[in-house]
1. Among DSSP beta bridges whose residues both lie in the stretch 20-165, state the antiparallel percentage, nearest 5.
2. Give the relative contact order (percent, whole number) for the stretch 20-165; include only Cα pairs under 8 Å separated by 6+ residues.
3. Is the stretch 20-165 best put as rounded, prolate or oblate by its Cα gyration tensor, with a ≥ b ≥ c the root eigenvalues, rounded for a/c under 1.5, and otherwise prolate when a/b is larger than b/c, oblate when not?
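All of the numbers you see were taken from the coordinates with simple rules; none came from a lab. Fair warning: this is a prediction, and the values are worked out from it, not measured in the lab.
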């Protein structure tokens, strides 16, 4: 068997082998540069729908006498945990396997199988990622880091939710009622004096009270001017 030329030269010159690339899994992407189009904003209602759909999907796919359905109990635990870890504003979700193992008290194999089941049935997706090690050397020096995860609601599971899978319908007159209420509030606001408006528009505090005092002064000046004008008109009419 022939040894690689690089190993022969290294041995002849007494040099240590130079490791140029840290091993990372296939299709891994650089952390911090790949999540922008992957993560998406969500909300508590959407996440709850995914959790409910996963539970119903698990029950619907369980065969008579079987312990688990297509997902398994650990997968349901994972979905529930992800629902509590996801950042609603950004969709950020990136727990490591060690974190999942610690929080669920499950083995690495059990977590891995549950993740694969959830992905296979459309409830999650993920991106493998790597980060720089900061080591000096020729070529990229990188290592594997935690995956970026994204929760999803597959169409076949959505059907199991029935009416719970749809957003709550708005009453037909909801918009009209809202507009009428806004008009009433604005009409009331316009009826207030300048001294009263700051306390209506703002929370009671130093700024609101200062503006109220300023408004009271303007109201007083206007009232004084109005009275002077009225008195002047009265004298003119007498003449």
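1. Details: 8 of 10 bridges.
Within the stretch 20-165, antiparallel bridges account for around 80 percent of the total.
2. Details: 214 pairs, mean separation 51.8, N = 146.
It comes to 35 percent, rounded to a whole number.
3. Note, shape of the stretch 20-165 comes out prolate.
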